[in-house]
Each structure stands twice: as C-alpha cells, then as structure tokens.
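What follows is a short report on a single structure.
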Amino acid sequence: STPLEIEVQGARQIISAGSGLVGAYDPESGQEIWRVLYGEGYSIVPRPVYAAGLLFVCSGYEGPVLLAINPDGARGNVTESHVAWRFRKGVPHTSSVLAVGDELYFVSDNGIAECLDARTGKVHWDERLGGEFSASPIYAAGRVYFQSEAGVGIVVKAGKTFELLSRNDLEERTLASYAVIDHALFIRSEFHLWRVGQ
C-alpha cells in the first residue's frame, strides 16, 4: 500500500497501512503518533484515502474491513475511540476507494460496486458490475469510471442513485488503474496503451 501524507490540526502525518494495523507517523522523526488495529489483515494493497475529515483504510486479505478513522486528537492506540464506522460487505482486497464530495465509491474484487455516505457508512447503492476488478475507480466530469480485468470500462453517474452511463469493451485484459493527463484517460492493457480523449 502506498503511504499517504495528511495534515491534522496543522501538523503533517504519514499514514501507512500494514499487516494488522494502520499507523500515523511523524514525517520528521518517524515516531508513531497513533494506530488502529484491524486483526489479521495482510497484503494491504488499497491506498488510504482522506476526505470529509475521515481517513478510509481497507484492511487487506482474510476478511477485509473498511474503516473510517477520525485522526483529530488521536494519540496511541485509538482503535476503540477514533473509528467512526466500519463496513464489511464487498470491501476490495486490491483497488482503492474513491471519495467524491460526501460519497465513497469502491468495487469488490468480484465486481460489486458500492456507494456509501462517507460520514456515516450508510449504503446509497450497490450494483453488480460483472467481472473481476483490480483497478481503482476514478472520478472525472461528474462520472465514476470502473475498469474490469476483462477490459470492460463501466461508467456511472456520480451520485446517491445508481445510473449506468456506458460500458466500453477494450477486448483486452486490464489490471492497471487509469491515469488522467490533459483531459484524456490513459489505459494500460495487456498489449496496448490507450489514450481516450479529444
């Protein structure tokens, strides 16, 4: 998992999720500021995401859980005091969650997409997209883009109600997340690099 730098009450923290826990560290000294334990998680791939004043962390393999953590005033082991909510259904092992405003989007490895309220964890919608997923979703121009391992891009309208806008099949295996440069999407597939834009 790629660490994330955040600012909490004017101070920088480096968030690093690993086996069994997520920790916040002082970037100058390396000292641990706080930690949240999540059991026997391992092979943590999804990147932490910080939005709406909360830190969102997936615990990895062996019964993944999505944790929403409030880092304000956190010191030491804050597992019991600073976890705002937990969510267990369809949490991804591989792809990262996506925060857009007060909504949180993600897709399970087996293709169930979810939209949650970022502040409460309430489910707005969940839909089976079909296929398996490794790539993280992205947001652009009011749309959320999901990319399946089979090469199918699924575009949905961002919002609290599910609305499918399009399905686009590259007919080639894709594992990587999209890159966005100069109003274009770049998609790496098994044999090609695609540029989608004007």
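The values are calculated or read from the model by the stated rules, or taken from the named source; none is laboratory data. Everything numeric in this text was worked out from a predicted model, so none of it was measured. Reconstructed Cβ throughout: ideal geometry from the backbone, glycine too, with neighbour counts over all protein chains shown. Accessible surface areas use protein heavy atoms only, side chains included; no ligands, DNA or RNA. Shrake-Rupley method; radii C 1.70, N 1.55, O 1.52, S 1.80 Å.
What the table shows:
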{"item": "Residue 31 versus residue 120: modelled label distance in nm, points set 7 Å from Cα along the beta carbon direction", "result": "4.0 nm"}
{"item": "Antiparallel %, DSSP beta bridges [both residues in the chain], to 5", "result": "95 percent"}
{"item": "Segment 85-124, relative contact order in percent, only Cα pairs under 8 angstrom and at least six apart counted", "result": "34 percent"}
{"item": "Residue 105 accessible area, 1.4 Å probe, all protein chains in place, Å² to nearest 10", "result": "0 Å²"}
{"item": "Two-decimal log10 I(q)/I(0) for segment 41-139, as the Debye equation yields it once each C-alpha is a single scatterer, q = 0.10, 0.16, 0.23 Å⁻¹", "result": "-0.24, -0.62, -1.26"}
{"item": "Most mobile of 174, 161, 94 in a GNM of the chain (Cα contacts under 10 Å)", "result": "161"}
{"item": "5 angstrom amide H check on residue 174, placed H, neighbours 5+ away", "result": "150, 151"}
{"item": "Alpha-carbon centroids, segment 55-113 and segment 154-198: separation in whole Å", "result": "24 Å"}
{"item": "Within the accessible area of segment 13-74 (1.4 Å probe), percent carbon and sulfur", "result": "45 percent"}
{"item": "Top of 114, 40, 149 by mean-square fluctuation, Gaussian network on the chain, Cα under 10 Å", "result": "40"}
{"item": "Average accessible area per residue (Å²) across segment 155-195 - probe 1.4 Å, nucleic acids and ligands excluded", "result": "74 Å²"}
{"item": "For segment 184-198, Karplus couplings with θ = phi - 60° (6.51, -1.76, 1.60), whole Hz, Gly/Pro x", "result": "10, 9, 10, 10, 9, 10, 4, 10, 9, 10, 9, 10, 10, x, 8"}
